[in-house]
Structure formats: C-alpha cells, structure tokens
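Each value in this text was obtained by applying a stated rule to the coordinates, not by laboratory testing. Only a predicted model underlies this, so the values are computations on that prediction, with no experimental measurement involved. Please note: Cβ atoms are built from the backbone with ideal geometry, for glycine as well, and neighbour counts cover all protein chains shown.
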Amino acid sequence: MRLILLGPPGAGKGTQAKNLVEKHGIVQLSTGDMLRAAAAAGTPVGLRAKEIMARGELVPDDVVVAIVADRIAQPDAKNGFILDGFPRTVPQAEALDRMLHEKKLDLDAVIELKVEEGILLKRIEKRINEMAARGEPVRVDDTPEALHKRLEAYRAQTAPLIAFYAGKGALQTVDGMVGVADVARAIDGVLGLGGGQAPPAGGRASEGRPGVIAKT
Ligand code: AMP
C-alpha cells in the first residue's frame, strides 16, 4: 500500500501515519523526520536544511526529492509506504509521479486531513507540552513565529496539491477534527479496510463512509 497524507502542520499526519505503520506493516516516510535526522547528524544537506526549517520555510524541492528518491529505493519500502510531509509543492508531486512511474508503482490513496486552522496552534501547543513531559527536545520550529511561517508555506505552496490530486481523481478528504481513533477509522474506511463508526464529518458524506468528507 502506498499512501500520501496531506494536511497543514498539526493536522495529525504523523500520528495517523504511525497508526497505519503499526496496523499494516508499511513504513512511514516523514521528510521532516529525515531532515531533522540529517541536521542532527551534521551532514551538509542537514546543516543547510536546519536553518530553513527553524525559520518555518520549505527546504528546496531538489533536496527533498533526492532524499525521498533514495528512501523509497530501500528494501523496507518495497511493501509500501506512507508519505508524511511529502510532497509539499506541486513540483515535488510531479517529481514523485515521475519516480513512481519509473518504478511502475501506483499510489493507492492521497488522504487529506481537513482541519480548521484555529485549532492547529492549540494542537501544536499540546504537542510541545507532551514532548516536554516525556523529556524529549522540543522542535525548534514549534514556536508561534515559525508556526505562522509554516502555515503560510502550507497555504501558498502545499494547499494547491489538493486541486492537483483532486484533478487526478485521487483525493480522499477525511475529517481531521474528530478524535485520533475516529480519524483512524475514517482512514481505514477510505482504504477499504472496514472502518467503524466515526462521528458525522463536517462536510457531505462520501459513499456512506463515516468521517469521509468527499472523494474527488
Ligand atoms: P514536518 O515535520 O513535516 O512538519 O516538517 C518540518 C519542516 O521540515 C518543514 O517546516 C520544512 O522546513 C521541512 N520539510 C519537511 N518536508 C518537506 C518537504 N516535503 N519539502 C520542503 N520542506 C520540507
């Protein structure tokens, strides 16, 4: 199974990706995690990315595309993967199309987690508190200034991907405002894995599947 999770920072992509990894034994490919690992390792790419990430801006497409191309070629990605945080621009999505085409692979679904912007800041504050409580280092871009930039980058550069994938008939929109377990059930529903009941979504129901707003 090969999936893309789309949504603004704080939408719950990472949480849902981890859930899917546990349930379906596929790998989570988070470009944010890969870039943070490269920064921590002090590689030239990592050091270049580190400052950009701290400002809440997007790392250049060529850098991220190269990282993903390497990663999906690794043996553990053979059974499938969830892309979390990639693609984030239309050129990245086009590069991904080319990569998959060359490998004769298809995407099974592009899932948008739809959330109201007003709650994102609250969710990220919660993430900061939880990480601090676990004694984990807080992300340098989890600050109000960087978050503002990250949301701006999402609106300007990533939101157009919704139309990009809708145009291909590949987009599934899930209500990301409900609880973690309900979002997970709605995603299972989208994937045809027999999700249970989720509360009514904020939009129109799609093919009677709970929590699924629409397939476009
Ligand atoms: P994330 O962990 O997905 O929130 O990503 C954290 C940061 O890593 C982003 O704010 C960007 O600076 C950088 N980043 C992650 N994925 C990408 C991507 N696909 N394209 C460009 N920059 C990215």
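Hey, any idea what Rg/Rh is for region 1-122, computing Rh the Kirkwood way over Cα pairs?
Numbers: Rg = 14.3 Å, Rh = 15.0 Å.
We get a ratio of 0.95 for region 1-122.
Order by neighbour count: Glu125, Glu102, fewest other Cβ atoms within 10 Å first, most last. Mind dumping the intermediate values first?
On the way: Glu125 14, Glu102 9.
By the 10 Å Cβ count, ascending, the order reads Glu102, Glu125.
Ignoring lysines fewer than eight residues from Lys104 along the same chain, the ones with Cα atoms less than 20 angstrom from its Cα are Lys78, Lys168. A cut-off of 5 Å between modelled amide H atoms, ignoring neighbours fewer than 5 places along the same chain, links Leu6 with Ile111, Glu112, Leu113. Alpha-carbon geometry of the chain: the Rg and the Dmax are 16.7, 49 Å, given in that order.
Counting only the Cα atoms, region 32-96 fills a convex hull of 86 Å³ per residue.
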